[in-house]
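Can you keep this structure in mind? I'll have questions shortly.
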Amino acid sequence: MNLPKSDFPRVIIVGGGFGGVTLSRKLVKQDLQVVLIDQHNYHNFQPLMYQVATSGLEPDSIAFPLRGLVEQKKNFVFRLAEVYSVEPVLKELKTSIGSVKFDYLILATGSKTNFFGNSELEEASLQMKSVPQALNIRSYMLQNLEEATLTDDREEQRRLMRIVLSGAGPTGVELAGAFAEFRKGVLPNDYPDLDPDLMEIHLLDGSDRVLASMSEKASIKAKKYLKKLGVNVHLNVMVKDYQDNLVTTNTDFSIEAYSFIWSAGVIGNPISGIHEEHINQKSQRYLVDQYNRIQGYADIFAVGDIALMQTEKFPHGHPMVAQPAIQQGAHLVSNFKRMLKGRELKKFKYFDKGSMATIGRNKAVADVGKFTLGGALAWFTWLGVHLYFLVGVRNRLVVFLNWTYNYFNFDRAARLIIRPYQKKKISGRLK
Ligand SMILES: Cc1cc2nc3c(=O)[nH]c(=O)nc-3n(C[C@H](O)[C@H](O)[C@H](O)COP(=O)(O)OP(=O)(O)OC[C@H]3O[C@@H](n4cnc5c(N)ncnc54)[C@H](O)[C@@H]3O)c2cc1C
């Protein structure tokens, strides 16, 4: 890999997500050559992807160019490449644009959708872990609505318009709520010849409550809001398969739908080369110590979703959300400063700022300490927090303007089929 010469030690960061962005911005201020590698040239603000999928926001407003991350570029290099593997002994990475040596390596490769090894399911369902995937959902939903206008067969229209989601965590809940708002606000105006009641939204989950990672109070409130929006919530129902447009479960319940979205969890996204004894096999996350150092390696670190730091308080590691990635990134930078000065490193401590999920207009839930907020207060808090953490001033402005416009007009303006979606698996209907 072609890189500028530098007298500073080289730190390579793999992944420009929340962890990688925090690290890059702060590490460039040290006497280090900072090389950020990502397979995309943008940071993807995953918490707002559901709004792209449901026509609320344009994709560009939630993505930020990684080359624009730092002003001072003397010791910062970005390379667009996929990292294939790491050779820890040689201190070398193999990538799609050649090999590169490092002094220190920080892996921040995040997570991927967990299909629990069911490749059939993976091929047939829609998922949302990247901006292109969010666009697939948007296009596919709109394509199906267009197709529904071409038939008078109400059952075929229902299959085309129905959306089934598996997994009632934040992603499933937020998508389901946003689809319900689309049905209410957009469908009657844009598609007067379609019956909105045919756009059924079904949210399935194997556990006995929605948002199982949040407090029970938050789950109860969220379920109430979903019902109010007309989402069909099916609990204690686990999806087994999705074949020939039929979703089957571990109960008698099965349902036909052309749109099936898998939102039932994530697992780590490791790159090869790290010895498997240092990877938790179930979660596919690197086992790290409290300094974010991958166990067994002196100069290789991991932060964020990919890092499993088991402590007394977090025996299963930190939650796979943005805050641990940001906080671990920032903490690792302060440990790098200590390391460069030959001082003792400090252990990472996670500060849980709470969690939140939005269900629809004026409807959100937030767990903050012992308190659970709901309704408009939680919703406006959610808006503020997401604007604050969105990367880039321009993005913040665009998102704010979009939200204001959508709020007052009950609209979701980005309902465009820019790049039509072709389902990978031929279902007999799509050629
Ligand atoms: C739909 C959705 C909604 C979410 N909503 C919320 C929310 O509301 N609040 C919240 O706190 N968290 C939310 N999360 C979780 C949050 O986005 C993640 O916890 C967070 O992004 C983790 O940050 P990270 O830096 O570890 O990894 P990521 O942000 O996932 O970044 C990983 C980066 O690594 C790159 N990469 C991976 N492999 C390679 C490779 N081999 N070569 C080169 N580059 C590579 C990827 O392109 C990516 O840019 C959501 C996640 C999803 C999917």
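Check whether at least one residue in segment 41-57 is crowded, with 23+ Cβ neighbours inside 10 Å, farther than 30 Å from Lys184 by Cβ and not small (Gly, Ala, Ser), and report yes or no.
Within segment 41-57 (the criterion being crowded, with 23+ Cβ neighbours inside 10 Å, farther than 30 Å from Lys184 by Cβ and not small (Gly, Ala, Ser)), the answer is yes, since at least one residue qualifies.
Within segment 211-226, can one find any residue that is touching a Phe, Trp or Tyr at 6+ places or on another chain (Cβ under 8 Å), modelled with pLDDT of 95 or more and not acidic (Asp, Glu)?
Here is the first cut: in segment 211-226, the ones touching a Phe, Trp or Tyr at 6+ places or on another chain (Cβ under 8 Å) are none.
No; the residues of segment 211-226 include none that is touching a Phe, Trp or Tyr at 6+ places or on another chain (Cβ under 8 Å), modelled with pLDDT of 95 or more and not acidic (Asp, Glu).
Taking Leu90 as meeting all but one of (1) farther than 30 Å from Tyr407 by Cβ; (2) of a type outside the set (Asp, Glu); (3) in contact (Cβ under 8 Å) with a residue 40 or more places away in the chain; (4) surrounded by fewer than 22 Cβ atoms within 10 Å (Cβ to Cβ), write down the number of the exception.
Going through (1) farther than 30 Å from Tyr407 by Cβ; (2) of a type outside the set (Asp, Glu); (3) in contact (Cβ under 8 Å) with a residue 40 or more places away in the chain; (4) surrounded by fewer than 22 Cβ atoms within 10 Å (Cβ to Cβ) one by one, Leu90 breaks only (3).
In the set Val21, Val83, Val100, which member is buried (at least 17 other Cβ atoms within 10 Å of the Cβ), among the β-branched types (Val, Ile, Thr) and more than 9 Å from the ligand (Cβ to nearest atom)?
Numbers: Val21 fails: more than 9 Å from the ligand (Cβ to nearest atom); Val83 fails: more than 9 Å from the ligand (Cβ to nearest atom).
Answer to the selection: Val100.
Then there's this: Mind telling me which of the residues Ser334, Ser272 ends up being closer than 30 Å to Gln39 by Cα, hydroxyl-bearing (Ser, Thr, Tyr), modelled with pLDDT of 95 or more and within 16 Å of the ligand (Cβ to nearest atom)? Working first, answer last.
Details: Ser334 fails: within 16 Å of the ligand (Cβ to nearest atom).
That would be Ser272, the only listed residue that is closer than 30 Å to Gln39 by Cα, hydroxyl-bearing (Ser, Thr, Tyr), modelled with pLDDT of 95 or more and within 16 Å of the ligand (Cβ to nearest atom).
Against the conditions (1) in contact with a strand residue (DSSP E or B) (Cβ under 9 Å, 6 or more places away or on another chain); (2) on the phi < 0 side of the Ramachandran plot, where does Asn189 fall short? Just the number, please.
Only one criterion in (1) in contact with a strand residue (DSSP E or B) (Cβ under 9 Å, 6 or more places away or on another chain); (2) on the phi < 0 side of the Ramachandran plot is unmet by Asn189, namely (1).
In addition: Which numbered condition trips up Lys240, out of (1) of a type in the set (D, E, K, R); (2) in the same structural domain as Ser166 (by TED's automatic domain parsing); (3) in contact (Cβ under 8 Å) with a residue 12 or more places away in the chain?
(3)
The values are calculated or read from the model by the stated rules, or taken from the named source; none is laboratory data. If you're wondering where the values come from, they're calculated on a predicted model, not measured in any experiment. For neighbour counting, all protein chains shown are included, and Cβ atoms are generated from backbone atoms with ideal geometry for every residue, glycine included.
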